[in-house]
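Only one structure is covered here, and it is reproduced in the block below.
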Amino acid sequence: MTRFIQGAFRNKAAVILLVIMVLGLGIFSYLKMPMEFLPEADQPMVTVTVVGPGYDAASMEQNVTNPVEQAVAGVKGKTTVTSTSGDSFTQVMMYFDSKTDMKEAKTEVERAVNAVKLPERMSPPYVVQLNTSMIPISVATLTFNDNVSDAQKEKLEQRIVDAFNGIDGVGNVQLSGKSAPKVSITPDAAKLAAKGVPFQALYGVLQGREASASVGEKMLDGTAANLNVTANLGDVDTLKKLPVAPGVTLGDVADVKLAAESESVSRFEGKDALQIVITKAANANAVTVGKDIQKTADELSAENKDVNLKFIFSTSSEVVHSVNDMMREVLMGALFATLVILLFMRNIRATLVTIVSIPLSLALTLYLLDMSGISLNVLTLGGVAVAVGRLVDDSIVVIENIFRRLQKEKFSVALVVDATKEVSRAITVSTLCTVAVFLPMGMLRGSLQSFLLPFALTVTYSLLASLLVALTVIPLMSAGVLKASKIKEHLPSQRFKKFLHWNLRFKWIPITIAFLLLIGSVGTYAAMPKGAIDSSTAANLIVTLDYKPDTPVDQVFENGKKMEAFLMKQEGQEWVMMEMGNSADAAKWGQVVSPTLVSLKLQMKEGADAEKIIEAVKAERANYPGANVNVGQGALFGGGSSTQVTIDVTGDDLQQIGKTAEEAMAQIKPIKDVLKVESNQEEKKTVYTLEVDPTQAKAGEVAQQLQGMMNPVPIGSLNASGQTVPVMLQPVLVPKSSAELANLTVMTEQGPKPVSSFAKWVKAEKPAKFYHKNGKSFVRITASVEPSQLSIVGDNINKEIAKIKTPDGVKIVVGGALADQAGDFTDLFMVMLVSIAIVFLIMVVTFKTIRTPIAILSSLLFVPIGAVLGLLISGVSPDITAIFGVLMLVGIVVTNAIVLIDRVRHNEETMTIREALIEAAGTRMRPILMTAVATVCAMLPLVFGSSQSAGIVSQSLAIVVIGGLIAATLLTLVIVPCIYELLFFRKSARQRRIAQEQQKQVAAAV
């Protein structure tokens, strides 16, 4: 190590040049690195979605879900297959293990489901495998003023899509919610009967009417000419004039009109709206692309005042916020570190030398991240925010030791080199130990690794860079800056030495007190409610109107508009967006909802009172009979503010499953902080089933005829204004009551017959949704709970579920957020154990003994004391990020203990163990307190600020780190020396006896 440090002095010009190059490369890397919201990570799940308008849940289950489940049964790597069959949709979700290549899995699933033959009027199966790169960079709504014609809208829409597609870095632009023109032919039964025209005659009204054919080539007037036949149906008026019988035109017996129909409803600020979803290309800079998108939108709006473009979401702005937060926290961290060093050293020159480590370390970190192919995202920025407080630690220890030596000795380069070498082992081992804490995060499998690896590498690169700076640049600058400084000698605190001496004499007292505090803090933590990460914010509100499945869709839509109008009148809202129904565009992303669900999103103005609107909506519930009206804070991409615990009741007997589920719901509802309990078997819908006597008629033919008579049927198309428009024949039979169903007439082998003559209609209340898990039916109970109370509510749910005596073959499995939380906690605890083992190994190799590392690691035992105390004082519920904070503390806390014990080992060459401990604690107290205070101060912006770090760097994490570090630092200076002497109690006692005998001999000689 001495040669390495001396090498920096022998090559000053090279070091200066390298510093300039590192700063330049850091700035260059920062400017060229792709900025994005999240690193690319595959979700280990493939979703198959099929939309079938008009089909009930039971039909979707039988005709779509079952065949799809059978088709994907042979797909490799899947762990669980669940499915939901609802009115007009089926969704099959396949979960895969962490080893599976998700792109190959998606291809295999596509091959399997494309071979499934689906019934008529079904959409193709949409296979989705979500990846973070699919997160849109911008989502905008597009509305037009009332005076804009359909033709103008068409041109403007294309102009806008082309403009966004033309932006460099844009990957895809999707325009959804667009209404498609459709010609609707609605037969009039009375007129058909009066004219004597059978309904079946309408099916062939377009056959042969349109043509474009060549009939050959002939010599005409001495010239070769081609002969063609053509006919075009160009408008609705021509369609009305088509004959359906002698002397009867289509317009005489049916209503023919051109109308625009949309699969789903999307409204913005009370107007029908289109939605533009823009994704960026791979490796494109999200911030640059986002700015170009906003610039283009402003230009488009300026060009045409009839166009209203409003961005409702932008990941580029999230990244900008994160960059700004990082810069603020880096600057504040540097400011705090400056104040701390000034406070302790009272020397401006030494302070300036130390602060250099922050920009240099960050510049080198950015360059290494760029070389590693890692983008600048909210996770890497979060890693920088966490590492800022630690970047100056190594430099503080080096400069403090140089400073301390200069207080007693005359300046020389050799002194600076020796002072740096003196602490080099301590800071190198402590840095490697901190690195060893973060690197095992890269060992986690699956998507969790994709998220945590960039974070871990950022911290690792930052710490290694700061170590390199502390061992080269800091001594070199110290030699230049402190050369002519006059430094007063600083003496260790005599009071602290006396206090420590007393503790070492009666070591069992402080050790017992510390362990009692530890047991108390662990017990307190066990009793504390562990929350889920609540990503909701009062900046957004979600209002939902959920009606029973048998509610007419038109009624649901009108009530949705009524709520929309009410919300638009509320003070404090910036905009209101309403969505309802399913569409092919949404299904392509795996999104399907109940057709009778209305969702309204509100963007709040800055500083507006969201609680006031929440209370106003709750007061309106009475005005929406039959609707389940919910309102709450919204989260990114529209999630609600509650956390859900799922209870799955599985088995072979559906009746037993149902009874067990009802009993479970009754047990769960009274539990405190359970906001809502519902199950898929609660939602019922009236279903009429025609039971056909197979000896009297063919059920397949009957079903086919009824489908044709009671559902729209495509019969052709016409070419209007250069656009192909489908022509739909609307059903002639529209039964208004159950009595009319019996009078329906179909064609049989014996001629036309009413269905009542060979079949009967059976009415039943059937579930609106059917759930499968690995091919078996099950009932899912969903309990929405308060996020901050997840662990306590989860324990209470488990206790109540345990009381239920289940029939043979019936199982109850609790999952959802509770299982996710338990799994995440287990993963992080395993990482923590691996990290501690690696730290222990590094220290054993360094100190060549087992007892010394044990004494150092004992400092970790007291982390929970401060962490729990911090959570109690702040009133913040610990979530998964709090455990992440404890994991970080493993690396931070051992640093102080290593710096202390390394000095002790050095002192033991000339002193007894007790003298070595007292001298080392007095000498190292200043750098230990400096590094701890600098780290704590750098964390303060995370406590009081709003750092954007995708939930990992949170307030809970910062409070745990601050509380744990304060307690561990104070106890390190007292308890670690006591434990160290206890581990070497025989040697220490022997040294004290020898010292006492020597003192007696000296006294006797005098």
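The values are calculated or read from the model by the stated rules, or taken from the named source; none is laboratory data. These numbers come from a predicted model, not from an experiment. Positions of Cβ are backbone-derived with ideal geometry, glycine not excepted, and every protein chain shown enters the neighbour counts.
So which of SER357, SER372, SER361 is farther than 24 Å from PRO475 by Cβ, outside the structural domain of ALA938 (by TED's automatic domain parsing) and among the polar types (S, T, N, Q)? Please lay out each step first, then the result.
Details: SER357 fails: farther than 24 Å from PRO475 by Cβ; SER361 fails: farther than 24 Å from PRO475 by Cβ.
Answer to the selection: SER372.
Restricting to region 725-779, and then to whatever is charged (D, E, K, R) and in a strand (DSSP E or B), can you tell me which residue is nearest to THR84 (Cα to Cα)? Show your work before the answer.
Initial filter on region 725-779 (charged (D, E, K, R)): 736, 740, 749, 753, 760, 763, 765-766, 769, 773, 776.
Imposing the further condition that a residue be in a strand (DSSP E or B) reduces the set to 753, 760, 763, 765-766, 769, 773, 776.
On the way: LYS753: 38, LYS760: 29, LYS763: 23, GLU765: 18, LYS766: 15, LYS769: 7, LYS773: 9, LYS776: 12 Å.
Here the answer is LYS769.
Can you find, within region 48-105, the residue that is nearest to LEU597 (Cα to Cα) among those that are basic (Lys, Arg) and surrounded by fewer than 18 Cβ atoms within 10 Å (Cβ to Cβ)?
Restricting to residues being basic (Lys, Arg) and surrounded by fewer than 18 Cβ atoms within 10 Å (Cβ to Cβ), the top hit is LYS103.
For region 282-295, indicate whether the set of residues that are touching a Ser or Thr at 6+ places or on another chain (Cβ under 8 Å), assigned to a strand (DSSP E or B), at pLDDT 85 or above and not aromatic (Phe, Trp, Tyr) is non-empty. Among the residues of region 282-295, not one is touching a Ser or Thr at 6+ places or on another chain (Cβ under 8 Å), assigned to a strand (DSSP E or B), at pLDDT 85 or above and not aromatic (Phe, Trp, Tyr), which makes the answer no.
Taking LEU929 as the residue in question, decide whether it is surrounded by fewer than 20 Cβ atoms within 10 Å (Cβ to Cβ) and either under 22 Å from ARG390 (Cβ atoms) or among the polar types (S, T, N, Q) (or both). Give the steps one after another, and end with the answer.
On the way: surrounded by fewer than 20 Cβ atoms within 10 Å (Cβ to Cβ): yes; either under 22 Å from ARG390 (Cβ atoms) or among the polar types (S, T, N, Q) (or both): yes.
It is true that LEU929 is surrounded by fewer than 20 Cβ atoms within 10 Å (Cβ to Cβ) and either under 22 Å from ARG390 (Cβ atoms) or among the polar types (S, T, N, Q) (or both).
Contact annotation: residue pairs with Cβ atoms under 9 Å, 6 or more positions apart or on different chains, pairing a residue in region 353-379 that is over 19 Å from ALA337 (Cα atoms) and in contact (Cβ under 8 Å) with a residue 60 or more places away in the chain with a partner that is of a type in the set (Lys, Arg) and surrounded by fewer than 24 Cβ atoms within 10 Å (Cβ to Cβ), are ASP370/LYS32.
So, in region 351-386, how many residues would count as being over 24 Å from ALA958 (Cβ atoms) and either hydrophobic (A, V, I, L, M, F, W, C) or in contact with a strand residue (DSSP E or B) (Cβ under 6 Å, 6 or more places away or on another chain) (or both)? It would help to see each step written out before you state the result.
Keep residues of region 351-386 that are over 24 Å from ALA958 (Cβ atoms), which gives 351-353, 356, 360, 363-364, 367-368, 370-373, 375.
From what's left, either hydrophobic (A, V, I, L, M, F, W, C) or in contact with a strand residue (DSSP E or B) (Cβ under 6 Å, 6 or more places away or on another chain) (or both): 352-353, 356, 360, 363-364, 368, 371.
Summing the residues that are over 24 Å from ALA958 (Cβ atoms) and either hydrophobic (A, V, I, L, M, F, W, C) or in contact with a strand residue (DSSP E or B) (Cβ under 6 Å, 6 or more places away or on another chain) (or both) in region 351-386 gives 8.
Mind checking which residues of region 392-446 are within 30 Å of THR100 (Cβ to Cβ) and of a type in the set (Phe, Trp, Tyr)? PHE438 - this is the single residue of region 392-446 that is within 30 Å of THR100 (Cβ to Cβ) and of a type in the set (Phe, Trp, Tyr).
Residue-level check: of (1) part of a helix (DSSP H, G or I); (2) hydrophobic (A, V, I, L, M, F, W, C); (3) at pLDDT below 80, ALA967 misses just (3). Looking only at region 296-332, residues that are part of a helix (DSSP H, G or I), among the charged types (D, E, K, R) and more than 25 Å from the chain's Cα centre (by Cα) come to 3 in all.
Check GLU909, GLU915 and return the single one that is farther than 25 Å from ALA436 by Cβ and in a helix (DSSP H, G or I).
Values: GLU909 fails: in a helix (DSSP H, G or I).
Only one candidate passes the filter, namely GLU915.
Any residue at all in region 391-404 that's in the same structural domain as ILE358 (by TED's automatic domain parsing), surrounded by fewer than 23 Cβ atoms within 10 Å (Cβ to Cβ) and modelled with pLDDT under 85? Checked region 391-404: at least one residue is in the same structural domain as ILE358 (by TED's automatic domain parsing), surrounded by fewer than 23 Cβ atoms within 10 Å (Cβ to Cβ) and modelled with pLDDT under 85. Does GLY234 satisfy the condition of being in a loop (DSSP other than H, G, I, E, B) and farther than 30 Å from GLU318 by Cβ? So GLY234 passes the test.
On inspection, GLY24 passes the criterion of being exposed (fewer than 14 other Cβ atoms within 10 Å of the Cβ) and over 31 Å from the mean Cα position of the chain (by Cα). If you filter region 36-74 down to residues that are modelled with pLDDT under 80 and either of a type in the set (Ser, Thr, Tyr) or in contact with a helix residue (DSSP H, G or I) (Cβ under 8 Å, 6 or more places away or on another chain) (or both), you find that the one that is farthest from VAL287 (Cα to Cα) is GLN43.
Inspection of region 161-169 identifies at least one residue that is without any contact (Cβ under 8 Å) to a residue 12 or more places away in the chain, within 29 Å of the chain's Cα centre (by Cα) and farther than 30 Å from THR551 by Cα.
Residues of region 780-812 being over 27 Å from the mean Cα position of the chain (by Cα) and either among the aliphatic types (A, V, I, L, M) or surrounded by 20 or more Cβ atoms within 10 Å (Cβ to Cβ) (or both), which ones? Those that are over 27 Å from the mean Cα position of the chain (by Cα) and either among the aliphatic types (A, V, I, L, M) or surrounded by 20 or more Cβ atoms within 10 Å (Cβ to Cβ) (or both): ILE801, ALA802, ILE804, VAL810, ILE812.
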